[in-house]
Structures are given as structure tokens and as C-alpha cells.
Amino acid sequence: MLKEFSAKLRESIDKLTRLGSVGKEEVDELVRDIQRSLIAADVDVELVFSLSETIKMRAMEKLPAGLTRKEHVIKVVYEELTRILGEKKSDVSLQKKRILLAGLYGSGKTSTAAKLARFYQKKGLKPLLVCCDTVRPAAYEQLQQLATLIDADFYGEKGNKGPSDVLRNALKKPGDVIIVDSSGRNALDSDLIREIRKLNDILKPDEKILVLPADIGQAAKQQSQAFNEALGITDIIVTKLDATAKGGGALTACYQTGARVKFITTGETVEDLSAYDPQKFVARLIGFPDLETLLEKAKAAMDEKKAEKIIKGDFDLEDFYSQIEGMQKMGPLSGVLDMMGLGKLGAKVPGGIDAQSGKMTRWKYVMQSMSKEEKANPGILNSSRIRRIAKGSGTNESDVRELLASYNKIKKMVKKIKPERLKHGGFGGMLQGFGIK
Ligand SMILES: Nc1nc2c(ncn2[C@@H]2O[C@H](COP(=O)(O)OP(=O)(O)OP(=O)(O)O)[C@@H](O)[C@H]2O)c(=O)[nH]1
Ligand SMILES: [Mg+2]
């Protein structure tokens, strides 16, 4: 089942989104997970390894503005998976047209013919389904029944063993989209080639579509090449994606041949066909409607971790600053604290929290003059360091000391507050209060 492929990928992406920070080791582990999922989905091993190398390389490249390393890694994985699964969706024209379906025995041609008819019917076009499979005994009835089911026009000649004659007669009938079902064989033998070429000459199709079942996995590559040589196919429809774990292999193999997958089918009813969009497909595989939603989730996971740290009073100067800054954006700080039931906390800060607002800009400069180590361990800030920071930031030593004093006070107070108290007004409300959205 495609579900297995999807579940494995989701698991590895989920694991990554839950992490606080992401480095080379985490990327290596993610890549190993993805390799396993892709190989289990019958994706070509060489392709898997080249994809892994690209992900590893791009994951550690310079961060684009506004993204954390974790978000960047997720984006890279998403983009690279999309790249091997087809990159862009192909156009589905709604003009009048003639379509010839070809494929080996049992690939899903007849049911796909009906699904396509249904697809164009819903777009306001009038399909004509033509049965040119004069080999399989029940082919006529199968397509006729499906046509009746969707109330589409059907043409076939029961008992006629000459598909060319049937097709010539069918072309006298009206229809916006003429969909021709052909017979299958166990292999692409000379009989089948001769027959499909003849149909091709008579129909002069706008689209020559190869129908490939997903369960053949990466063997899709050879089949698509063989059919292309024999017939010159324009598009591919991959069927039965719901019923195999090898779908990833089939889709990537098609793309490796340069052919475009236009539609996929994912079930046995006439509604189970959809235009293939690699971007949406990958998003769904990893369990999100689109990349943006996924990145939002990654952000949220990180904020929760940060919030947990803050509740425990385990925050450094940088966290402290960003929380205060977040609160400042929400209006008068003491009001926010009141709403959270923490009004007293504001009163205990030197000068009251509101009075701090004016100092924010100076504090920002102070922080910019601190080293990473100093921000992480404010305890190491002795007089000479304080002097250096004040000088470097163009502020006074008293500004530096005041920032440190506020930080230490808040930290001590937060540690004393019982967790239930912090959750006053709901966890979400508390997070908002701390400027974490
Ligand atoms: N689960 C699932 N089954 C499908 C799908 N597409 C087709 N099938 C089933 O696959 C079987 C073969 O489908 P057909 O449409 O008869 O295939 P065909 O290529 O016309 O077969 P021949 O005419 O014998 O060459 C049928 O039982 C279909 O219901 C799909 O997307 N999902
Ligand atoms: Mg058939």
C-alpha cells in the first residue's frame, strides 16, 4: 500500500519536527530513514543515493533568510522528493480531443477509460468511450457497463474481431473527448504493436497514453521506454496506487524516462482518478496539505519546547529578551500579566514592567555586544565584561546591570510560581502572554 510508504516518511519527518535543534547528525539519521522508505517503495537504488547526497549537501548549506535549520531541512527534503517524483504537474487541456489508451494486460486500461470519461464529463465535455479491445471476451460488456454507470456515450461492435473497423465506425459518432480502449497482452509482442500502431494511424490521437499499474514498481521504466519506441507515448497514467507499496518506484521510474505522469488512479470506482501534481503528492505523502503548513508545525513544535523551558525558569538572556519583546508587542505589559493572573510579578520588577518598555532598545544594543557564551551564561558577566559591553554598545554600565537584574529577578520568580498558576487562563493564553504564538 502507498500508505506504508507514506507512514514511514511521515514518521521520519515527524521525528525531525519534534527535535529542538537540527545538526549534521540529525540530518544523517533523517536521510537514512528516507533511504529506507524509498528503497522499500522500490525506488531505484542509484536514484536514492544521489537524492541522499543532494539532501545532505543542501541541508547544511547557508540558511536562507527567515528559516531555522530544521525548517530548511524539511524544505529541502520536500523539494528533493518532489524533484524525483516529477517536479511539475502536466497540463490537462479541456479542448476537444482524441485519446488512445495502451498498456499491457490487466494494467487498468478499461477502468481508466471510464474514469477519464468521468473526469472530462465533470468538466463539461461530452466523452465517447470506444471499445477496441476485440481480444478479451468480456471487454465489450465491461466498458459498456461502465459507460452506462456514468451515463456516457459508448461505441463497440460485439463479435467484430477487427479493431480498425470498429474504430473507423466509432469516429462517425459525435463526442468532445473520444477515449479509445485497446486490448492488452502479456508482453509487448509484435501483434500488439501492429494492432496499436494501426489504431494510432486511424485515430490520429492528440494524446497517446500509456496505462501502467503502480505494482510493477521501477519496472515502469522499461515498459514506458518500450511503449514509447513502439508508439511514441505522450503521457502516462499510473493506476492502482492504492494497492501497492511500490508506487514510489513506479512514479520515479516514469519520470526518469522523461515521460510525464498525467493522472493517477487510487481505487476501483469511476471517481478514483486525479490529475497528478508531484508537489501535492509529496505534501500528502508526508501528511500535510502543503509545505507552508508543515513549516508552521515545525515552528510550533519548537515554541512548545521553548515554552517548557521558560516555565521551568530555564531560560537564558536571549530567551528572556525575546519574551519581553513579544510581550511588548501585545500592549501594556502589566495588563498582559494581569490577564495571566501574574500582576504581582510585574510589580516586583525594578520600576515595574511597563517602565522597562522604554529600555528595550538599549537592551537590544547591550545584547548585541554580548558574546554567545555570555548570553547563554549571564553568570559569567563580571565588572570588566560589563564595562566592555557598555562601551561596545554605546550604553551605560547601569543599563547592562539593569538588564541582568531584571533577568535574574524574573527567572527567580518564575521558578517559584507553581506550574498550575502559569497555566491560568489556559496553556495557550500563557504562551501568548509570553509572546510565543
Ligand atoms: N485498487 C485498484 N484497482 C484498480 C485500479 N485501477 C484498476 N483496478 C482494477 O484492476 C483490474 C484490471 O483493470 P482493467 O481496467 O480491467 O484493466 P485492463 O488493462 O483493461 O485489462 P485488460 O483489458 O485485461 O488488458 C480490475 O479489477 C480493476 O478494477 C485502481 O486504481 N485501484
Ligand atoms: Mg481492458
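Couple of notes before you dig in:
- Some residue of the stretch 198-214 being touching an Asp or Glu at 6+ places or on another chain (Cβ under 9 Å) and within 16 Å of ligand 2 (Cβ to nearest atom): yes
- Test: Gln142 is away from ligand 2 (no atom under 15 Å from the Cβ), surrounded by fewer than 24 Cβ atoms within 10 Å (Cβ to Cβ), assigned by TED's automatic domain parsing to the domain that holds Asp235 and polar (S, T, N, Q): no
- Every condition in (1) in contact (Cβ under 8 Å) with a residue 12 or more places away in the chain; (2) within 11 Å of ligand 2 (Cβ to nearest atom) holds for Ile99 except the one numbered (2).
- Top-ranked residue of the stretch 190-201 - restricted to ones that are of a type outside the set (D, E, K, R) and surrounded by fewer than 20 Cβ atoms within 10 Å (Cβ to Cβ), ranked as nearest to Ser164 (Cα to Cα): Asn200
The rows are residues; the columns are (1) surrounded by fewer than 15 Cβ atoms within 10 Å (Cβ to Cβ); (2) out of contact with any Phe, Trp or Tyr (no Cβ under 9 Å at 6 or more places or on another chain); (3) more than 20 Å from Lys312 (Cβ to Cβ); (4) modelled with pLDDT of 85 or more.
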| residue | (1), (2), (3), (4) |
| --- | --- |
| Ser371 | yes, yes, yes, yes |
| Arg387 | yes, yes, yes, yes |
| Thr395 | no, no, yes, yes |
| Tyr407 | no, no, no, no |
| Ile410 | no, no, no, no |
| Leu431 | no, yes, no, no |
| Gly435 | no, yes, no, no |
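- Odd one out for Thr68, checked against (1) at pLDDT below 90; (2) under 16 Å from Leu285 (Cβ atoms); (3) of a type in the set (S, T, N, Q): (2)
- One residue alone among Asp91, Asp133 is under 22 Å from the mean Cα position of the chain (by Cα) and open to solvent by 10 Å² or more (accessible area, probe 1.4 Å), and that residue is Asp91.
- Filtered residue count, the stretch 1-53, keeping only those that are under 19 Å from the mean Cα position of the chain (by Cα), exposed (fewer than 14 other Cβ atoms within 10 Å of the Cβ) and part of a loop (DSSP other than H, G, I, E, B): 1
- Flag for Lys280 being at pLDDT 95 or above, of a type in the set (Lys, Arg) and either open to solvent by 20 Å² or more (accessible area, probe 1.4 Å) or outside any loop (DSSP other than H, G, I, E, B) (or both): no
Matching residues to (1) hydroxyl-bearing (Ser, Thr, Tyr); (2) within 16 Å of ligand 1 (Cβ to nearest atom); (3) part of a helix (DSSP H, G or I):
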residue	(1), (2), (3)
Tyr78	yes, no, yes
Thr82	yes, no, yes
Gly86	no, no, no
Ser93	yes, no, no
Arg98	no, no, no
Gly106	no, yes, no
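- Remark: pairs (first residue in the stretch 126-155, away from ligand 1 (no atom under 15 Å from the Cβ); second residue of a type in the set (Ser, Thr, Tyr) and at pLDDT 95 or above; Cβ separation under 6 Å; 6+ apart in sequence or on different chains) = Pro127/Tyr120.
The values are calculated or read from the model by the stated rules, or taken from the named source; none is laboratory data. Small disclaimer: the values here were computed from a predicted structure and weren't measured. As a convention, Cβ positions derive from the backbone with ideal geometry for all residues, glycine included, and neighbour counts pool all protein chains shown. Quick note on the areas: whole protein, heavy atoms, side chains included, nothing else; ligands and nucleic acids left out. Shrake-Rupley method; radii C 1.70, N 1.55, O 1.52, S 1.80 Å.
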